[in-house]
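Structure first, commentary second.
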């Protein structure tokens with residue numbers, strides 16, 4: 001298998017983009033990535049999208065987006081593992097380039113979520129849970145993660161304030177990110193006094209409903225060298241699954257798929273948690289970030305809350321987590337989130353992250369998760 | 001890249017399966033494929049599905065199906081290019097095995113379409129067309145293919161009876177297929193006098209709404225040889241896109257994505273149309289089969305109608321088309337159709353197709369199409 005580099009990334013301002021359609025948002029973003037890579041012709045593309053059918057009544061988007069990007073008749077595939085669809089696009093694009101099948105491949109993600117009512121959005125997102133065993137009984141995602149949070153608090157003594165600290169840190173980081181949907185800071189007091197959603201989670205524990213896209217261009221490292229591009233190499237990929245129903249798990253505080261995907265990625269990259277300079281993780285709710293940092297091996301099991309409280313995961317800490325602002329502040333257009341993580345890691349490893357820059361960042365990781373952890377993609381990147 | 005073989009296939013009876021859920025249908029089918037392959041452990045799986053979100057309110061199905069198949073925590077991806085999602089699963093599984101990333105990979109497809117009303121099914125299927133430029137103006141798929149049929153009749157003199165001959169041939173073949181949804185024969189008179197749907201297409205020109213799944217197991221040829229399995233090798237793969245809106249095409253009687261995908265597959269396999277012993281094509285409507293046989297190079301442009309009339313595409317003819325009964329008689333659970341084509345080709349190349357058997361079949365092709373031709377996958381298989 002060939003070594004693969006990311007040679008271009010693109011992202012546009014995320015938010016409630018009522019004046020733009022799904023195709024417009026994606027094409028504007030993909031053009032930035034093509035421009036950044038310095039290429040105008042693709043061999044193939046993968047688009048992560050969770051549920052454009054329910055959000056905008058449009059399936060078959062990969063072909064449509066290839067057309068509007070001026071790239072027909074190239075192969076174009078839409079891929080989906082709920083909220084980790086963007087990470088899946090990266091993995092499949094990586095495999096295609098590594099295999100030798102094609103050279104220049106776009107991997108991206110898109111979701112247009114604000115064209116429907118709040119009720120419809122909650123239903124659409126709920127299709128990432130087990131409808132027959134969870135959804136039909138009234139469970140929504142805030143409810144599922146609230147169960148995980150309550151169990152983590154009971155088992156490990158994680159506090160309400162520690163959950164809030166995740167939001168405080170991520171909004172602090174996001175306030176320095178020009179594409180973030182909510183680039184404002186929040187305090188622990190604001191989080192713990194915000195509107196209750198599903199006890200113990202309040203609205204400032206939850207990532208928002210967002211319209212947005214992100215894209216990256218991959219090619220073989222050998223080709224990138226000839227193009228004189230900065231080489232950000234994909235050195236590890238992992239993809240694992242777990243039951244999508246929370247009720248089927250042995251321990252709802254533990255994200256087994258994240259652990260398994262990370263194990264694969266660490267082994268392939270021949271790296272350990274201590275080698276990672278920064279990580280983007282899937283903080284769809286504050287509790288998610290805590291559980292993920294444990295499953296990735298950055299902190300001990302049960303110590304994720306304490307780690308954020310002590311600044312371990314802040315910029316300047318031992319392992320900066322979600323320098324982009326994470327899903328919490330940057331926004332969470334579900335299919336695009338995994339693709340946006342690539343953008344942040346690449347900008348950091350290139351030293352282009354402005355006020356959010358992690359000093360001397362050379363190795364970065366992205367962890368992207370579907371549902372309540374039923375699917376997880378983990379990737380490790382290294383600046384050559 | 002490594003050579004890849006299909007070592008197992010599975011399909012269960014298609015139809016209106018009201019007593020079975022999506023997960024049950026898929027798992028029963030996948031178990032048959034595993035049994036046929038003689039393996040009980042997968043490294044990875046790809047599931048083609050067009051729109052389980054709209055049909056059964058469930059996305060994130062790949063992880064769920066891996067779980068119910070007893071395969072967690074393996075990587076599992078749902079992939080989508082509308083009605084060609086099953087063919088896409090095959091291509092991505094092929095690339096993964098060929099790359100060396102994984103060895104034993106399941107590729108399958110599923111759609112559960114009959115749990116919703118006819119109106120809802122028509123809307124869900126319409127999401128494969130361009131909603132903004134086609135759907136919102138009232139066009140449905142029978143309408144789109146009716147435009148193609150009318151144009152083909154005007155341009156090439158294709159007759160109403162020739163369209164009907166496609167249905168007659170495919171029902172004749174399907175009457176010998178135990179898994180077909182509609183295994184009965186029809187006559188030209190019955191077709192041309194059946195209920196009008198979108199002039200000139202009548203109900204017996206249309207493929208049905210179906211619940212069903214199909215699956216195949218891939219592995220490297222070298223591994224298949226050690227297992228003493230009959231070797232059905234994938235010698236060509238092609239994937240191409242076109243505008244998903246019919247109105248954007250230069251010639252609506254010509255399927256450019258099918259032509260482009262076939263060109264790739266023929267080149268990779270180093271074969272010509274004359275080398276192919278049988279082909280499964282995407283006859284979602286009778287006119288589709290006529291246009292596809294032209295774009296694949298089996299008949300001259302404009303002569304597809306005449307070819308079916310003259311028996312060129314019948315079993316025993318020059319190029320047997322849709323020996324399985326095609327979408328028309330076997331049924332069309334949209335995400336599963338491309339996967340079912342693999343089953344038919346493998347059974348034919350193994351000489352296990354019973355009364356439908358094409359004598360001395362050694363090389364087979366599958367053509368699977370999304371929307372009105374916006375995506376096409378073409379694969380060529382050879383018995384070693």
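Provide a whole-number value for the mean count of partner chain Cβ atoms within 10 Å of the Cβ atoms in peptide A:51-58.
Numbers: counts 6, 5, 12, 6, 1, 3, 9, 9.
Neighbouring Cβ atoms belonging to other protein chains average 6 per residue here.
By the gyration tensor of its Cα atoms, with a ≥ b ≥ c the square roots of the eigenvalues, what is the shape of the range B:67-119: rounded for a/c under 1.5, prolate for a/b over b/c, or oblate? It would help to have the intermediate numbers written out before the result.
Numbers: a/c = 3.83, a/b = 1.68, b/c = 2.28.
Verdict is oblate for the range B:67-119.
Sticking with the crude label model, points 7 Å out along Cα→Cβ, report the distance from residue A:250 to residue A:355 in nm, one decimal please.
My value for the distance between the label points is 4.6 nm.
Enter the mean number of other protein chain beta carbons within 10 Å of the beta carbon of each residue in B:234-240, as an integer.
Numbers: counts 0, 0, 0, 2, 1, 6, 7.
Rounded to a whole number, the mean comes out at 2.
Can you put A:147, A:377, A:65 in order, fewest other beta carbons within 10 Å first? Intermediate values should be presented prior to the final figure.
Working: A:147 19, A:377 32, A:65 26.
If I rank by nearby Cβ atoms, fewest first, I get A:147, A:65, A:377.
If you take each beta carbon of peptide B:123-129 and count the beta carbons of other chains within 10 angstrom, what is the mean?
Details: counts 2, 3, 1, 3, 9, 6, 4.
That average works out to 4.
By how many degrees, between 0 and 90 and to the nearest 10, does the Cα long axis of helix A:85-99 differ from the longest principal axis of chain A?
40 degrees
Sort B:295-301, A:149-155 by packing, meaning the average of other beta carbons within 10 Å per residue, with the highest value first.
My ranking of the peptides, most packed first, is B:295-301, A:149-155.
Which Cβ of chain A lies nearest the axis of the rotation superposing A onto B, and at what whole-Å distance?
Closest Cβ to the A-to-B rotation axis, residue and whole-Å distance: A:99, 2.
Compute the acute angle (0 to 90°) between the alpha-carbon long axis of helix A:22-37 and the principal axis of greatest extent of the alpha-carbon atoms of chain A; round to the nearest 10°.
60 degrees
Quote the relative contact order of the range B:42-136 in percent (integer), defining contacts as alpha-carbon pairs under 8 Å separated by 6+ residues. Let's see the in-between values first.
On the way: 145 pairs, mean separation 35.8, N = 95.
Once divided by the residue count of the range B:42-136, the mean separation gives 38 percent.
Rounded to whole Å, give me the distance from the Cα center of the range A:1-54 to that of the range A:163-234.
Rounded to whole Å, the Cα centres lie 17 Å apart.
Distances in nm, one decimal, shortest first, from residue A:193 to the same residue in every other copy, taking the label point 7 angstrom along Cα→Cβ.
Here the equivalent label points are 8.1 nm apart from this one.
Between B:109, B:373, B:311, where does the largest GNM mean-square fluctuation fall for chain B, given springs only between Cα atoms within less than 10 Å?
Highest fluctuation among the options: B:311.
For n ≥ 4 DSSP H runs only, could you compute -39500 (n - 2.57) per run for chain B, divide by its residues and tell me the 222 nm figure to the nearest 500? Let's see the in-between values first.
Numbers: 14 runs with 144 residues, N = 384.
Result for chain B: -11000 deg cm²/dmol, rounded to the nearest 500.
Quick check on the exposure proxy: order A:36, B:35 from fewest to most C-beta atoms within 10 angstrom.
On the way: A:36 19, B:35 13.
The most exposed by this proxy come first: B:35, A:36.
Can you compute the FRET efficiency between residue B:154 and residue B:267 using 1/(1 + (r/R0)^6), with r the Cβ-Cβ distance and R0 = 45 Å? Round to the nearest 0.05. Intermediate results must be reported in sequence, preceding the final value.
Numbers: r = 33 Å, r/R0 = 0.74.
Calculated transfer efficiency: 0.85.
By its C-alpha gyration tensor, with a ≥ b ≥ c as the square roots of the eigenvalues, how is the range A:279-357 shaped: rounded for a/c under 1.5, else prolate for a/b larger than b/c, else oblate?
On the way: a/c = 2.02, a/b = 1.30, b/c = 1.56.
Oblate is the answer for the range A:279-357, as a/c is 1.5 or above yet b/c matches or exceeds a/b.
Run the label-point distances for residue B:318 please: 7 Å along Cα to Cβ, every other copy, nanometres, shortest first.
So the label point of residue B:318 gives 7.4 nm to the other copies.
Would you mind computing, in nm to one decimal, how far apart the modelled labels at residue A:310 and residue A:20 are, each placed 7 Å from Cα along Cα→Cβ?
With each label point 7 Å from Cα toward Cβ, the separation is 4.1 nm.
Please find the FRET efficiency linking residue A:40 to residue A:384, where r is the Cβ-Cβ separation and R0 is fixed at 22 Å, and quote it to the nearest 0.05.
Numbers: r = 25 Å, r/R0 = 1.12.
Efficiency computed from Cβ-Cβ geometry: 0.35.
Once the Cα atoms of helix B:141-156 and of chain B are each reduced to a long axis, what angle between those two axes, in degrees from 0 to 90 to the nearest 10, is obtained?
Helix B:141-156 sits at roughly 60 degrees to that axis.
If I model a spin label as a point 7 Å beyond the Cα along the Cα-Cβ vector, how far apart are those points for residue B:133 and residue A:28 in nm?
Spacing of the two 7 Å Cα→Cβ label points: 2.0 nm.
Quick check on the exposure proxy: order B:139, B:106 from fewest to most C-beta atoms within 10 angstrom. All intermediate terms of the calculation are to be shown ahead of the outcome.
Numbers: B:139 22, B:106 30.
Going from least to most buried by this count: B:139, B:106.
How long are the semi-axes of the ellipsoid equivalent to chain A, from square roots of 5 times the Cα gyration tensor eigenvalues, in whole Å, largest first? The partial results should precede the final answer.
Values: eigenvalues 177, 109, 72 Å².
For chain A, the semi-axes come out at 30, 23, 19 Å.
Take the alpha carbon gyration tensor of the range B:29-172, find the square roots of its eigenvalues, order them as a ≥ b ≥ c, and report rounded if a/c is under 1.5; if not, report prolate when a/b exceeds b/c, else oblate. Don't skip to the answer; put the middle values down first.
Working: a/c = 2.38, a/b = 1.78, b/c = 1.34.
Here the range B:29-172 falls in the prolate category.
Relative to the other copies, what are the label-point distances for residue A:20, with labels 7 Å from Cα along the C-beta vector, expressed in nm at one decimal and sorted shortest first?
List, nearest first: 4.4 nm.
Readers should treat all values here as calculations from the given coordinates under stated rules, not as data from a laboratory. Because the structure is predicted, anything quoted here is derived from the model rather than measured. No Cβ is skipped: glycine too gets one built from the backbone with ideal geometry, and neighbour counts run over all protein chains shown.
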